[in-house]
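A short worksheet on the structure shown next.
The values are calculated or read from the model by the stated rules, or taken from the named source; none is laboratory data. Every value quoted in this text rests on a predicted model; they were computed, and no experiment measured them. Note: ideal-geometry Cβ built from the backbone for every residue, glycine included; neighbour counts use all protein chains shown. Side chains are part of the model used for accessible areas, which takes the heavy atoms of the whole protein and leaves out ligands, DNA and RNA. Shrake-Rupley method; radii C 1.70, N 1.55, O 1.52, S 1.80 Å.
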Amino acid sequence: MSEAHGGYYIPHGTTWPIIGSIGLTTLLAGAASLLNGASVGSAMMFAGVAIMLLMLFGWFGTVIRESEGGMYNAQVDKSFRWGMAWFIFSEVMFFAAFFGALYYARVLAVPWLGGGDEVTNQMLWNGWQAAWPTNGPADIGGEFETIPAWGIPAINTLLLLSSGVTVTFAHWALKKNNRGALVLWLIATVALGATFLGLQAKEYIHAYHELNLTLGSGIYGSTFFMLTGFHGMHVTIGAIMLTIITLRAMKGHFTPDRHFAFEAVAWYWHFVDVVWLGLFIFVYVL
Amino acid sequence: MWVEKAKRVLTALAGAASMLGGTTASAEYGLNLHRGVTPISHEAYDLHMLIFWVCVAIGVVVFGAMFISIIRHRKSRGHQPAQFHESTTVEIIWTTIPFLILVGMAIPATKALVAMEDTRNSDLSIKVTGYQWKWGYDYIDSGVSFISSLATPRDQIENTAEKGEHYLLEVDKPLVVPVNKKVRLLITSNDVIHAWWVPQLGMKKDAIPGFVNEMWFRIDTEGTYRGQCAELCGKDHGFMPIVVVAKNEQDYNQWLAAQKAASDADAAAAGRDWSKAELMARGEKVYKANCAACHQAGGTGVPGAFPALKGSAVATGPKADHLKLVMNGRPGTAMAAFGGQLNDIEIAAVVTYERNAWGNDTGDMVQPSEVKAAR
Amino acid sequence: MNTATTHDAHHEEHQGGLLRWVFTTNHKDIGTLYLLFALLMFIVGGAMAMIIRAELFQPGLQFVDPQFFNSMTTMHALVMIFGAVMPAFVGLANWLIPMMIGAPDMALPRMNNWSFWILPFAFTMLLSTLFMEGGGPAGGWTLYPPLVLQTGNAFPFVIFSIHLMGISSIMGAINVIVTIVNMRAPGMTLMKMPLFVWTWLITAYLLIAVMPVLAGAVTMLLTDRFFDTSFFNAAGGGDPVMFQHIFWFFGHPEVYILILPAFGIVSQIIPTFARKPLFGYSSMVYATASIAFLSFIVWAHHMFTVGMPLAGELFFMYATMLIAVPTGVKVFNWVSTMWKGAMTFETPMLFAVGFVVMFTIGGFSGLMLAIAPVDFQYHDTYFVVAHFHYVLVTGAVFAIMGATYYWLPKWTGHMYDERLGKLHFWLSAIFVNILFFPQHFLGLAGMPRRIPDYSIQFTEFNQISSIGGFAFGLTQLLFVYIVIKTIRGGARATDRVWEGAHGLEWTLPSPPPYHSFQTAPEIK
Ligand code: HEA
Ligand code: HEA
Ligand code: CUA
Ligand SMILES: [Cu+2]
C-alpha cells in the first residue's frame, strides 16, 4: 500500500506508530504505578517494553526492507539525514539541561550556601563552607569519596575515543566496499563500547559499595550519577544500534554510496563520544 | 441584593471608563497601582506611570495609523491598492526609534533597581519565615518572635457569616515596625516557596527554603498595611495574609517591651507543671492556628491528603512517638517539623489536646518539661 | 500539474473506515486530526477555566475546594498550551506547509503519524490524574519544587505525560524542519517561502532546542522525589531556584513557540485582504529570527523576585526590553501592509486586525512587566494573568481562529457562513475584553494570581471578568457550530477562494488532492 510520488517515497498506512504509542504509554503508566508502590506496575512495565520491542523491530524492519528494496531515492535519504541530525541536536539539549544543573550548582548554589551569600550561610548553614565535591550543608547521604579522573575514567576516555576512530575506519572500509574490514572494524567498535560499559558498571558498584557515593550523595551524587547514568544509557543504545548495523553489514546490506543507517549510527556514536569528553572534563577532571 | 450588586458593578465599570478616558483613576475602585508609603513604592509607581503613558502614546500612533487606513483604504470606498512593499529606510527608522525609547526607560529603571537592592545600613533586621500557611517573624536584635496567621473566621470563608471589612487580609498578630526607619527583612521558608508582599511597601520577595533573601523598606506614614503571600504554596496559598502595622518610635518601643515581657512569662511558665485543663485550653488554640488547616477542626483530616487524627494510631499510641512526630514532622510530606515553630508549652499543649480531643481519650498529658527534654 | 489523476487515486485511499485515521500517513489527514484534537482540548481547558471563573465570581468558597481549584489552574494551563495551541499550530503546519512549498507530503510520514498519535495517550494520562488519590497536580503549570513534590499519586503520571508531549513535539518539529529544508519545489528559495513557513521553521528550531530541556527538568523532579537526588534541595547543595532557571530556559522560548506561527498566519492573511504584498518581507524574516535568538537570553524575567544578584536582574531586564524592537518591526510592517491597500473585512481579516490590536496591548503589558523594579509589584498578580491571556487568547487563539476561517474553504471545498463568522468575531472580541481587561485593574490593585478566594475590594472586577468569561466561552460554541456546518456542506469554494490570495496552496483545487503536489509546481 505505498507509492512513490514524483520519486519521493510516501508510505501509505502504518500500524507501527499506534503500537508504539500503546507500548510507550503502557511502559510509562507501569513505571508510574510502580513508583507509587502499586504492584501491577512492574507487569505493566514489562508488557510495555515488550510492545516497544515489537514496534521497534517491526518499524525498523519495514524501513530496512524498503531501503534494501531500493524504494528510497536520494531525496528520501536526505530527509533521513536531516531527521537524524536534528534528533541528535535534541539529545544534545537534553544533556545540556543536566550540564546546566551541574554548572549552576557548582558556580552558584554551592558557593552561595557556603558563604558567598553571607546571610544565607550565617542564618541557615552556619559554619558550613563551600567545597566541591559536596553533599551539601546537611551532609545528605553521609560522607563519601569520589572517583579519581585518572583511573578508570581516563581509560574509558581512551576506549571511547578509539571507538570513534574504529567506527571511522569501518566507514572508510565501507566506502571502499571492503566488506571484511567493515565488519571487523564494526566488531571492534562494539567491543570497545561494551568494555566501556563493563568498566562503567564496575565503577558504579565500587562507588556504591566502597565509596558511599550514591544518587543520594547530595548534589554531587545527583549530578554525577544523572550525567554519567544518562550517558551510559546512550552508550548502551548506541552499542545496540552498532550491533544491528554489524549484523546488517554481515548480511550484505549497504553499498559504498548508500548507507544512511550506518552513518546515522556513526553520528550517534560520535555524539555519545563528545558528551563523554564533556563529562570527563566537567565531572571528573575539574 | 442583586440590584445592589448590579449597581456596584456598574459603578466599577464607570470608574474603568473614566480611567480609559484619561481622567485620573478613582482610587476607590482600585484600578491602578498603589502609590504606597515607601520611597521604593513611589519610585515603582512613577516608573509604572511613565511606561504606561509611553505605551499609550505608541499605541495611539500605531493604532491611529491602522484605523485611518482601515477607514480610508477600503475596497468598498473604491480605494485602489498601492503596490509598494519595501523600504529599508523606514525599517531602520522604526528599529531605531523604539530602541531609543527603550533606552530612555532603562535609565530610570536601572536607578530604581539599584536603590531597591541596596539593603545596607539598615536600622532594624527582621527574619521572616514562610510556613504552609502562615508567617513567622523573628526580631533579630531583640529576640522577639511570633507566628502570624489568618484571623478571618472559617464561617466567613464558607459564606455562613457576613464578610468583614478586611476579609482574608487580617491576622492574629501583625508585624509591627517603626516608621522612618530602614527595616531590613531576611526572608526564608521552612517548606515550599512563598513570597512576602505588601503592595503599599512596593516590594515583593520570594521566601525560598534553604536560602535567605533580603529586602528593605522605610515607611513614611503610620498605619496598617495589608498584603498576601504571592507565590503559590499549596492549598491555603490564598489564606496567608500579611499585616504590617507601622508605629511611631515610642509606640513601637512600648509594643516591643510588651512582647518581651510576654515571652519571658511563657519561658517561666514552661518550667512548672501544667494542669490538664490548662493544656487542653491552650492546645485547642494552638491546634486551630497551626494544625486545623490540614487535619481539620474536628480532627477528621482530608482523605487522601491529610490523615485523620481522630482515632489515629499515632495520636492514640505511645506518647513519645506522637511527640516526636509533631516535633520532627515527616520529611517529604506536608507534615512539617513543628519543633522549631512552636515553643515547649505550645507543643505540650497541642499534643495533649490531640490525645484527648474528639474521643481520643487517652487520658495522658504531656508537660512542657517533657518537650524540653525531648529537644 | 496533473490534478485529475490524483483525484482518482485519492478515492481508493479513502477507504478503511475509522481505522484509516489511526494508520494514516497523509499530511492532510494528520493535520485534520491535530486540529480536531486541539479543538477538543480547547473545550476541555476552557471548561476548567469556566470552573475557575465560577469560583472567582464571588469572594468566599462556593463550588470547589482550594486544592481542586489549584489543580484546575494547573491543568487549564497545561491543557491549553500543550493540548490546544501547540497541536493546533502543528495541525496547520501539516496541512499548509507541503501545499505552500510545493511538496507531495511531509518528509517523514510515518513519524508524522506517531507524533500525533502520542498526544491522545499523553492527555488521557494527564487528565486521568484528576481522579487519583491526592488529586491532580496543583502546583501551577510551572511545576515549581518543592511544592510540586507534595503532589499525590498523580505526580509520576504528570511527569511522564509531559515526557510524552515532549517526544511528540520534538518529532513534529523535526518533521517540519526536514520538510522545509528538503521538500521545497525547485525554485522555491528560502526567501520566497511564505512567512507562515518561515515562522514555523524558526518555531521548530525553538522546539527542538527547548523541549528536551523541559524533559530534563521534570526528570530531575522525578528523581528528587523518588530517587533521593538533591537537585532542588538546599540541604544537599542544590537549589529550588535552579529548577526555575531550567524551566524558564524552556518556558520563555515556549511562549514564542506559541506566538511565532501566529505571526506567520497574520502575515498571510493581511496581504490577502489588503490586496497588497506584505510590506518588508525580508525584515519580517529577520525580525522573527531576532525574536527567536533573544528568547534564549531573557528567561529570568519570570524570576525577578527570587533574589538574583543585581547584575543578573539588570541583564535580564535589558534583554527582555530589547524584544520589543523586532516585535515592533512586525507590527509596523503589518500596519504598513494595510496602508493604502484596498481592504475588505471578511472574518479572517477581522481576526487578523483584532490580533494586531490586542496582541500589541498584551505586548505593551509585557514590556511593563520587563521593567524589573516595577515587576516587583506586578509579579504573580492578575496583571500578569491579563498580560499572558492577551498574547495567548487574543494573540495565539485569535490567529488560529483566523487561520481556520481563512483556509477552511480550501480544506473542505465549502465556504463558511460569512454572517455567522463575523458574528463570532465580534462577540469574541467584545467578550474577551470584558473577560481579561479588568484583570489588569485587579492585578494593579493587588490581587495575587492562583487564589480561590479574595478580599472583598476585588469583587466587582472579578464579577465583570467572570461574566465576560462565560459569554466568551459560550461564543465559542458558535465557532464549533460554524466549523461543523462548513465541513458538512455549503457553497462551493473556488480554487483561489479569496480575491487577493497569493501562494501555491491557492493554485490547488478546493479541496486539494490527497497528495498535494504529485509533480513539483513551477515557481516564478
Ligand atoms: C504568546 C505568549 C507570550 C508572548 C508573545 C509574550 C511576550 C512578552 N512577554 Fe510575556 N508571558 C507569557 C506569554 C507571552 N509573553 C506567559 C504565559 C507568562 C506567564 C507565565 C507564568 O508565570 O505562568 C508571561 C510572563 C511575562 C513576564 C513575567 C511576569 C511575572 O511573572 O512577573 C514578563 C516579564 O518581563 C513578560 C514579558 C514579555 C515581553 C517583554 C514580551 C514581548 O515579546 C512583547 C513585545 C511586544 C510589544 C512591546 C508590542 C508591539 C511593539 C511595538 C508596537 C513597538 C514599540 C514598542 C515599544 C518601544 C514599547 N512576560
Ligand atoms: C493558550 C493558553 C490559554 C488559553 C487559551 C486560556 C484561556 C482562558 N483562560 Fe487561562 N491560563 C493560561 C493559559 C491559557 N488560558 C495559563 C498558562 C495560565 C496560568 C496557570 C498557572 O497559574 O499555573 C492560565 C490561568 C488562568 C486564570 C488564572 C487562574 C489563577 O491564577 O488562579 C484564569 C482566571 O480567570 C484563566 C481564565 C481563562 C479563560 C476564561 C479562558 C478562555 O479564553 C477560555 C474560553 C474557552 C472555553 C470556555 C471553551 C470552549 C467553549 C465551550 C466548551 C462552550 C461551553 C461554555 C460554557 C459552559 C460557558 N486562565
Ligand atoms: Cu504562601 Cu502562597
Ligand atoms: Cu517570558
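So A:VAL190 ticks every box in (1) modelled with pLDDT of 90 or more; (2) surrounded by fewer than 17 Cβ atoms within 10 Å (Cβ to Cβ) but one. Which box is left unticked?
(2)
From the list A:SER79, A:SER90, A:SER67, pick out the single residue that is within 18 Å of A:ARG258 (Cβ to Cβ), in the same structural domain as A:PRO137 (by TED's automatic domain parsing), crowded, with 20+ Cβ neighbours inside 10 Å and out of contact with any strand residue (DSSP E or B) (no Cβ under 6 Å at 6 or more places or on another chain).
After ruling out the rest, the residue left standing is A:SER79.
Checking C:PHE437 against (1) open to solvent by 10 Å² or more (accessible area, probe 1.4 Å); (2) within 14 Å of chain B (Cβ to nearest Cβ); (3) more than 22 Å from the chain's Cα centre (by Cα); (4) in contact (Cβ under 8 Å) with a residue 40 or more places away in the chain, which test does it fail?
Checking C:PHE437 against (1) open to solvent by 10 Å² or more (accessible area, probe 1.4 Å); (2) within 14 Å of chain B (Cβ to nearest Cβ); (3) more than 22 Å from the chain's Cα centre (by Cα); (4) in contact (Cβ under 8 Å) with a residue 40 or more places away in the chain, the one that fails is (3).
Would you call C:PRO452 in contact with a Cys (Cβ under 9 Å, 6 or more places away or on another chain), in contact (Cβ under 8 Å) with a residue 60 or more places away in the chain and within 16 Å of ligand 3 (Cβ to nearest atom)?
For C:PRO452, the condition - in contact with a Cys (Cβ under 9 Å, 6 or more places away or on another chain), in contact (Cβ under 8 Å) with a residue 60 or more places away in the chain and within 16 Å of ligand 3 (Cβ to nearest atom) - is not met.
From the set of residues in the range C:132-148 that are within 14 Å of chain A (Cβ to nearest Cβ) and away from ligand 2 (no atom under 16 Å from the Cβ), which is most open to solvent (accessible area, probe 1.4 Å)?
Among them, the one singled out is C:GLU133.
Could you say which residue among B:LYS324, B:LYS310 is assigned to a loop (DSSP other than H, G, I, E, B) and without any contact (Cβ under 8 Å) to a residue 60 or more places away in the chain?
Answer to the selection: B:LYS310.
Consider B:ALA230 carefully, then state whether it is free of Cβ contacts under 8 Å to residues at least 40 places away in the same chain and open to solvent by 10 Å² or more (accessible area, probe 1.4 Å).
Spelling it out, it is not the case that B:ALA230 is free of Cβ contacts under 8 Å to residues at least 40 places away in the same chain and open to solvent by 10 Å² or more (accessible area, probe 1.4 Å).
Answer with yes or no whether C:ILE482 is in contact with a Gly (Cβ under 9 Å, 6 or more places away or on another chain) and more than 14 Å from every other protein chain (Cβ to nearest Cβ).
Yes.
Any chance you could count how many residues in the range B:121-145 are open to solvent by 30 Å² or more (accessible area, probe 1.4 Å), within 12 Å of another protein chain (Cβ to nearest Cβ) and within 30 Å of B:ASP46 (Cα to Cα)?
Looking only at that region, the number is 2.
Which of the residues belonging to the range B:158-194 are of a type in the set (A, V, I, L, M) and either more than 10 Å from chain C (Cβ to nearest Cβ) or surrounded by fewer than 21 Cβ atoms within 10 Å (Cβ to Cβ) (or both)?
If the condition is that a residue be of a type in the set (A, V, I, L, M) and either more than 10 Å from chain C (Cβ to nearest Cβ) or surrounded by fewer than 21 Cβ atoms within 10 Å (Cβ to Cβ) (or both), then B:ALA161, B:VAL171, B:LEU175, B:VAL176, B:VAL177, B:VAL179, B:VAL183, B:LEU185, B:LEU186 are the ones that fit.
Take C:ASP375 and decide whether it is over 22 Å from C:ALA49 (Cβ atoms), acidic (Asp, Glu) and either within 16 Å of ligand 4 (Cβ to nearest atom) or at pLDDT 95 or above (or both).
yes
Would you check which residues across the range C:57-71 are buried (at least 24 other Cβ atoms within 10 Å of the Cβ) and either under 30 Å from C:GLU522 (Cβ atoms) or more than 16 Å from ligand 3 (Cβ to nearest atom) (or both) and list them?
Matches in the range C:57-71: none.
Just need a number here: residues in the range A:11-39 that are assigned to a helix (DSSP H, G or I) and within 20 Å of C:LEU127 (Cβ to Cβ).
14
Tell me yes or no: at least one residue of the range A:218-234 is over 14 Å from the mean Cα position of the chain (by Cα), among the polar types (S, T, N, Q) and closer than 15 Å to A:ARG179 by Cβ.
no
Condition check ((1) modelled with pLDDT under 95; (2) more than 14 Å from chain B (Cβ to nearest Cβ); (3) open to solvent by less than 20 Å² (accessible area, probe 1.4 Å); (4) within 16 Å of ligand 3 (Cβ to nearest atom)) across all residues:
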site: C:ASP417; (1), (2), (3), (4): yes, yes, no, no
site: C:PHE425; (1), (2), (3), (4): no, yes, yes, no
site: C:ILE456; (1), (2), (3), (4): yes, no, no, no
site: C:ALA493; (1), (2), (3), (4): yes, yes, yes, no
site: C:GLU499; (1), (2), (3), (4): yes, no, no, no
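If you take the residues in the range C:354-365 that are near ligand 1 (Cβ under 8 Å from one of its atoms) and more than 10 Å from chain B (Cβ to nearest Cβ), which one is most open to solvent (accessible area, probe 1.4 Å)?
The selected residue is C:PHE359.
Search the range C:149-168 for residues that are without any contact (Cβ under 8 Å) to a residue 40 or more places away in the chain and at the interface with another protein chain (Cβ under 8 Å from one of its Cβ atoms) and pair each with any residue that is among the acidic types (Asp, Glu) and open to solvent by 10 Å² or more (accessible area, probe 1.4 Å) when their beta-carbon atoms are under 9 Å apart and the residues are at least 6 apart or on different chains.
C:GLN150/B:ASP191; C:GLY152/C:GLU133; C:ASN153/C:GLU133
Given the criteria aliphatic (A, V, I, L, M) and either modelled with pLDDT under 95 or not in a helix (DSSP H, G or I) (or both), does C:ALA235 qualify?
yes
On the basis of being away from ligand 3 (no atom under 16 Å from the Cβ), under 17 Å from B:VAL56 (Cα atoms) and either touching a helix residue (DSSP H, G or I) at 6+ places or on another chain (Cβ under 8 Å) or assigned to a helix (DSSP H, G or I) (or both), does C:VAL357 make the cut?
yes
One residue is enough: does the range B:242-250 have a residue meeting the conditions touching a strand residue (DSSP E or B) at 6+ places or on another chain (Cβ under 9 Å) and facing another protein chain (nearest Cβ under 8 Å)?
No, that holds for no residue.
Tally time: how many residues in the range B:354-363 are at pLDDT 85 or above and open to solvent by 20 Å² or more (accessible area, probe 1.4 Å)?
Qualifying residue count for the region: 1.
Just one of C:HIS387, C:HIS379 is within 8 Å of ligand 1 (Cβ to nearest atom), at the interface with chain B (Cβ under 8 Å from one of its Cβ atoms), open to solvent by 10 Å² or more (accessible area, probe 1.4 Å) and in contact with a helix residue (DSSP H, G or I) (Cβ under 9 Å, 6 or more places away or on another chain); which is it?
C:HIS379
May I ask you to list the residues in the range B:90-103 that are open to solvent by 40 Å² or more (accessible area, probe 1.4 Å) and at pLDDT 90 or above?
Hits for the range B:90-103 are B:ILE92, B:ILE93, B:TRP94, B:THR95, B:THR96, B:ILE97, B:PHE99, B:LEU100, B:ILE101, B:VAL103.
What helices (runs of 4 or more DSSP H) completely inside the range C:75-192 contain at least 3 residues that are under 29 Å from B:SER189 (Cα atoms)?
It comes to C:154-182.
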